[in-house]
Amino acid sequence: MYTIISRNQCNFCDQAKALLGAACQKEHSRTVSTLKKMHPKPVDNVCESCGDVAEKICLDHSHKTGEFRGWLCEGCNHSAGKSNDDPVKLEKLAEYLRERSS
Ligand SMILES: [Zn+2]
């Protein structure tokens, strides 16, 4: 059973590994390995969010359901993780940046 509580506790993303119990980490690693076999890494390393060609591309998946979502560059993957996968927070941040950037 998939038991990751929060995206910020994702061991695949190397975030807060210490927060995960050993059994949970093992299960999560197994889930990510399975997803990688089902959804091979794109050869062009293009981020499915921003469209940049990334040096490192990360498998993105729902930490609630374990479902594959896509491949992201590190920046997009971290942004999604730091927002706890909350699109409303990310939209507010985008609005903030548009308003305050010259
Ligand atoms: Zn990106």
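Any read-out appearing in this document is the output of simple, stated calculations on the displayed coordinates, not a laboratory observation. This is a predicted model, so every value here is computed, not measured. Virtual Cβ from ideal backbone geometry, glycine too; neighbours counted across all protein chains shown.
Computed quantities for the displayed model
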| read-out | value |
| --- | --- |
| Segment residue 55-residue 96, length gained on full extension (0.36 nm per residue, minus Cα span) | 12.0 nm |
| Using a Förster distance of 35 Å, the FRET efficiency for residue 30-residue 84 (Cβ separation, nearest 0.05) | 0.90 |
| Trypsin sites (Lys or Arg not before Pro) restricted to DSSP loop in segment 25-69 with at most 11 other C-beta within 10 Å | 56 |
